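What follows is a short report on a single structure.
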Protein chains: 2
Amino acid sequence: MPAKGESVDADVVVAGGGVIGTAIAWRAASTGLSVTLVDPDNDADKASLVAAGMLGPVSESVFGERDLLNLNLLAIGRFPSFSEELEAATGLVTGLRTEGTLAVAYDNGDLAALQRLTEFRHGIGLAAEALDAKRCRELEPFLAPGIRGGVLVTGDLSVDNRRYLAALRTAAANAGVKRLTGTVTAVAAGPGATAARVRARLRDAPGTTELEARDVVVAAGFATSRIGGVPDKVRRAIRPVKGQLLRLRHPEHMPRVATRTIRAIVQGRDLYIVPRADGEVVVGATQEERDDRDVTAGALHDLLRDAVIALPAISELILAEASAGLRPGSQDNGPIVGRAGADDPGESLILATGHFRNGILLSAATADAVAALLTGSDPDPAWTPFRPGRLG
Amino acid sequence: MPAKGESVDADVVVAGGGVIGTAIAWRAASTGLSVTLVDPDNDADKASLVAAGMLGPVSESVFGERDLLNLNLLAIGRFPSFSEELEAATGLVTGLRTEGTLAVAYDNGDLAALQRLTEFRHGIGLAAEALDAKRCRELEPFLAPGIRGGVLVTGDLSVDNRRYLAALRTAAANAGVKRLTGTVTAVAAGPGATAARVRARLRDAPGTTELEARDVVVAAGFATSRIGGVPDKVRRAIRPVKGQLLRLRHPEHMPRVATRTIRAIVQGRDLYIVPRADGEVVVGATQEERDDRDVTAGALHDLLRDAVIALPAISELILAEASAGLRPGSQDNGPIVGRAGADDPGESLILATGHFRNGILLSAATADAVAALLTGSDPDPAWTPFRPGRLG
């Protein structure tokens, strides 16, 4: 195994080509590093593609998780400039939308839950404007007459996750990232000045291929738990959280059913309806502790029921796709980003996984953090609580 | 144009390769006629593939339509031997099931509707056994506890419509039917002893191809209304009736949710759940006076809601497909089968369309009727009311 400074196959090998791995590869290559990205190119496996692309720092899942909130605030602050740079580098649109989110409540219990979330937002200095039902329907005329009220969150963004990933891929390719189709099966990352070895099964090569790199970044989402050489405490910390969602589209000549992201709390169930500029509408999502990607009749029924309750005109939309993905959850619901040996700056294995429901949101900030690690500087302090070393 | 007896491209050209056209082509070829079948080979266009394959002589749509009931009785009597012959000719299974149908009622109004249907069946000498809710759940343990009661119909059959069509295609090919991929655009069928000309746009030939045949059979379903030379009164009589349905499958190791076809009347809405031997379950169907094939969120929601009400375990099944087809309805809901000039045995244009919701059921009997016309004999008298000449 060569020491650092000796010849290697690439400065960095990135395992995983979802939004996290691809954003890292692009940013790393932009700093002048040679980067090889290994990805199965099996779109059915990518949680990045089964997402709505809602970008909001506060959701039911971070209510009270202060460290994660800090990180999400860093991430949403970074996203627009990152997206702008990406569009400039590729000539592709990411579908970033800035109309904000209207959260609405179906019954009085839902309204109380919404009010608690509003107070929480106010308490941390974030905008959130409580609106009565009439005002909600002025903003979104297709909302059901029966909704009890809502909250307008002007700071939230959304992005078309599929266009965004496509743009990241193009940007990475333009920046010189070498892409290999295959699966990383194991990593061996020595301590100190030792380079990393990566074992992969590649589509276009027989047997196992071994690559050497100064650093290896494992950004394989839930599949990180299946890669040999990833520390056991990390592999154990990652769990799959299945999400099912629907992609709908408008029939010709039908007015758009929503002008901004609509979140609805329906009898305690949380639903989102995210409109795209091209007329697509994403409805999601379930959250199931399962590791299959089957679309079930029950999930489809529940999503449609709640969507039709909140926004009856959804009935008229056309089914484009129903899909399921496996979000990489972690034991504390926080991402896992940093060198595997957190106290050893020479440790050549870097992890970037566990992004759970916030993968799209955190992708830009994650790329910054990993690019910093790769070039010998420190990530933003908001990342400190999310180093792999915290895992027990 | 050659007179009969002169050289033609085929004895019979059949326009349309759904279950009707393919069954006709097979039976015609089996009598020794040379047959060319022209079909677009666009599966998305085939109502035959978007069906559940329920075979019952009585449904809500024939309640009181005596002529259609007679025809359906002829058809269901013929189906098993036809299917058996088809399986013998091809070595393929059609998925014919003989477990019958259990119709169940959700509320008291539904139960009353079911009782009327039972009395009607008894009145025409058909079996139908009224069962209380407990007995229904003994037969089908996954039925919702709340159902009010049901009726067991032992005479009903079901067939796997996709396997059935695949077997018909193989049988037709084995019998020497020549298959051309394309669309028939016009037919010109002279009276008396004149042969028919068929104009078609074929995938593998430039421009328009003209074929000459002794007889042409138009079995193009709803698309019959778009073929030039089909009498205007026939074209006007055919209307598209869109049907949306779901194909679900069982997860591994899950017991089958139904052992026979279940029809449920849920607050006046009619739903069917048709299980296949391979674990597929078809749930259908909407009935919409529309000519698009879009799967809509609203239809999906309604089907799933009613299915889950009747059979809650449906929730656990996996979505395999959601699809929509256009049934060829007619102005009086009866099929249109016979020579275009009903009083002219030499008229070389034969129609076989308008089968509406009964296309699979009527396919075998339709093939018999058209084969009779092609060979100079008379179809069963049950067909007499369904000649094209009745249309105004």
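Nothing in this text is a laboratory measurement; each read-out follows from the coordinates by a stated rule. Since the model is a prediction, treat every value here as computed from it, not as a measurement. Backbone-built Cβ (ideal geometry, glycine too); neighbour counts: all protein chains shown.
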Exercise for the section: Could you point to the residue in B:LEU311, B:THR296, B:LEU271 farthest towards the positive end of segment B:258-313's charge dipole, with +1 and -1 charges on the Cβ of Lys/Arg and Asp/Glu respectively? Expected result: B:LEU311
Practice task
With only Lys, Arg, Asp and Glu charged, each at its Cβ (+1 for the first two, -1 for the last two), find how big the charge dipole of segment A:78-127 is about the Cα centre; round to the nearest 20 debye.
Solution key: 140 debye
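With Cβ to Cβ distances under 12 Å as the rule, what net charge do the other residues near A:MET254 carry (K, R +1; D, E -1)?
Net charge around A:MET254: -1.
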Problem - Ellipticity estimate at 222 nm from DSSP helix runs (n ≥ 4, -39,500 (n - 2.57)) divided over chain A, nearest 500 - result: -9000 deg cm²/dmol
Problem - Hz values of 3J(HN,Hα) by residue in segment A:217-234 - Karplus curve (6.51, -1.76, 1.60), Gly and Pro given as x - result: 10, 9, 10, 9, x, 4, 5, 3, 5, 9, 9, x, x, 6, x, 4, 5, 6
Exercise for the section: Give me the distance between the Cα centres of segment A:259-292 and segment A:16-41, rounded to whole Å. Expected result: 29 Å
Practice task
On a C-alpha basis, how far is the centre of segment A:185-245 from the centre of segment A:87-142 in Å? Whole number, if you could?
Solution key: 38 Å
Handout entry: Binned Cα-Cα distances of chain B, short to long, each 10 Å bin given as a whole percent
Key = 5, 24, 32, 23, 11, 4, 1
Practice task
Could you state the angle between the C-alpha long axis of helix A:359-374 and the longest principal axis of the C-alpha atoms of chain A, as a value from 0 to 90 degrees rounded to the nearest 10?
Solution key: 20 degrees
Fill in the blank from the handout: Cβ-Cβ cut-off under 11 Å around A:ALA10, Lys and Arg +1, Asp and Glu -1: the net charge is -2
Handout entry: Convex hull projection area averaged over all views, the protein assembly as shown, Cα basis, nm²
Key = 38.2 nm²
Practice task
Taking the Cβ of A:THR154 as the centre, find all other residues whose Cβ is under 9 Å away and add up their charges (Lys, Arg: +1; Asp, Glu: -1).
Solution key: -3
Practice task
Taking H placed 1.01 Å from N in the peptide plane, check which residues at least 5 places from A:SER34 or on another chain put their amide H under 5 Å from its amide H.
Solution key: A:ASP11, A:VAL12
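Considering all projection directions equally, how large on average is the shadow of the alpha-carbon convex hull of segment B:201-283, in square nanometres?
Orientation-averaged projected area of the Cα hull: 10.7 nm².
Please report the orientation-averaged projected area of segment B:272-331, defined via the convex hull of its C-alpha atoms, in nm².
5.0 nm²
For segment B:44-188, what D do you get in µm² per second when you plug the Kirkwood radius from alpha-carbon pairs into Stokes-Einstein at 10 °C and 1.306 mPa s?
On the way: Rh = 17.7 Å.
After rounding, the answer is 90 µm²/s.
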Exercise for the section: Hey, could you get me the Stokes-Einstein D for segment A:117-269, Kirkwood radius over alpha-carbon pairs, 37 °C and 0.692 mPa s, rounded to whole µm² s⁻¹? Expected result: 157 µm²/s
Practice task
Compute the Kirkwood hydrodynamic radius of segment A:321-392, taking the inverse of the mean of 1/r over all pairs of distinct Cα atoms, and give it in Å to one decimal.
Solution key: 12.8 Å
Practice task
Set Lys and Arg Cβ to +1 and Asp and Glu Cβ to -1, take the dipole of segment B:73-131 about its Cα centre, and tell me which of B:THR98, B:LEU131, B:SER81 lies farthest positive.
Solution key: B:SER81
Practice task
Quick one: divide the alpha-carbon radius of gyration of segment A:182-242 by 2.2 N^0.38 Å and tell me what you get.
Solution key: 1.18
Practice task
Taking the Cα centre of the protein assembly as shown as origin, sum charge times position over the Cβ atoms of Lys and Arg (+1) and Asp and Glu (-1), and report the length of that vector in debye to the nearest 20.
Solution key: 20 debye
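Note down the magnitude of the dipole of segment B:1-137 about its Cα centre, charges +1 on Lys and Arg C-beta and -1 on Asp and Glu C-beta and zero elsewhere, to the nearest 20 debye.
480 debye
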Problem - Of B:LEU49, B:LEU139, B:LEU157, the one that fluctuates the most in a GNM where chain B has Cα springs shorter than 10 Å - result: B:LEU139
Completion exercise
Here the relative contact order (percent) of segment A:168-298, from C-alpha pairs under 8 Å and at least 6 apart, is 17 percent
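In cubic angstrom, how much convex hull volume per residue do the alpha carbon atoms of segment A:15-122 span?
Each residue corresponds to 153 Å³ of Cα convex hull volume.
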Exercise for the section: Output the relative contact order of segment B:61-172, whole-number percent, from Cα pairs under 8 angstrom with separation of 6+ residues. Expected result: 36 percent
Problem - For segment A:167-177, Karplus couplings with θ = phi - 60° (6.51, -1.76, 1.60), whole Hz, Gly/Pro x - result: 5, 4, 4, 5, 4, 4, 4, 4, 7, x, 5
Practice task
Using Cα pairs closer than 8 Å and at least 6 residues apart in sequence, work out the relative contact order for chain B, in percent.
Solution key: 24 percent
